[in-house]
Amino acid sequence: MSKKKSEKQEPRAAKEPRPKKEKAPKQDLVVFAFRLPVTDRDLIHRAAGPGKATKFVHSAALAASNGDDSAFKELTAQARSNIK
């Protein structure tokens, strides 16, 4: 037997509106791309670990451009542990 919507249906409690989250301002981002042989790409993926190649290359480029030897050494250590 079908029930009518008005029968035995309790009214829903009114939900309190959620406070709106403040959005962080977006950074002005650009694309920086370069071409490389497939063998180099594979080496980078292997050194960075699964799913981390972009972040690895980004970090390496920034470390080199800023002369940050310690960051570059950390990336090299990470690459060595991933390649083994």
Take the residues in the stretch 20-42 that are assigned to a loop (DSSP other than H, G, I, E, B), over 16 Å from the mean Cα position of the chain (by Cα) and basic (K, R), then tell me which one is modelled with the highest pLDDT.
R35
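How about the stretch 73-84: which of its residues are exposed (fewer than 15 other Cβ atoms within 10 Å of the Cβ) and either hydroxyl-bearing (S, T, Y) or under 21 Å from the mean Cα position of the chain (by Cα) (or both)? Write out each step before concluding.
Keep residues of the stretch 73-84 that are exposed (fewer than 15 other Cβ atoms within 10 Å of the Cβ), which gives 73-74, 76-77, 80-81, 83-84.
Once the filter is applied, which keeps residues that are exposed (fewer than 15 other Cβ atoms within 10 Å of the Cβ) and either hydroxyl-bearing (S, T, Y) or under 21 Å from the mean Cα position of the chain (by Cα) (or both), the stretch 73-84 yields E74, T76, S81.
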Give me the pairs: first residue in the stretch 57-84 and closer than 20 Å to A33 by Cα, second residue surrounded by 11 or more Cβ atoms within 10 Å (Cβ to Cβ) and aromatic (F, W, Y), beta-carbon distance under 8 Å, and six or more apart or on different chains, which are they?
A60/F72; A63/F72; A64/F72
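Among the residues of the stretch 43-72, which ones are loosely packed, with under 14 Cβ neighbours inside 10 Å, within 16 Å of K84 (Cβ to Cβ) and over 14 Å from the mean Cα position of the chain (by Cα)? Even if it seems obvious, please write down each step before you answer.
If we filter the stretch 43-72 for residues that are loosely packed, with under 14 Cβ neighbours inside 10 Å, which is where we start, we get 46, 50-51, 54-55, 58, 61-62, 64-67, 69-70.
Keeping just the survivors that are within 16 Å of K84 (Cβ to Cβ) gives 46, 50.
Correct list: R46 only.
Going residue by residue through the stretch 2-19, is there one that turns out to be without any contact (Cβ under 8 Å) to a residue 24 or more places away in the chain and assigned to a helix (DSSP H, G or I)?
Kept after step one, since they are without any contact (Cβ under 8 Å) to a residue 24 or more places away in the chain, are these residues of the stretch 2-19: 2-19.
Imposing the further condition that a residue be assigned to a helix (DSSP H, G or I) reduces the set to none.
Taking every residue of the stretch 2-19 in turn, none turns out to be without any contact (Cβ under 8 Å) to a residue 24 or more places away in the chain and assigned to a helix (DSSP H, G or I).
The values are calculated or read from the model by the stated rules, or taken from the named source; none is laboratory data. No experiment lies behind these values; they were computed from the predicted model shown. When we count neighbours, we look across all protein chains shown, and the Cβ atoms used for this are built from the backbone with ideal geometry, even at glycine.
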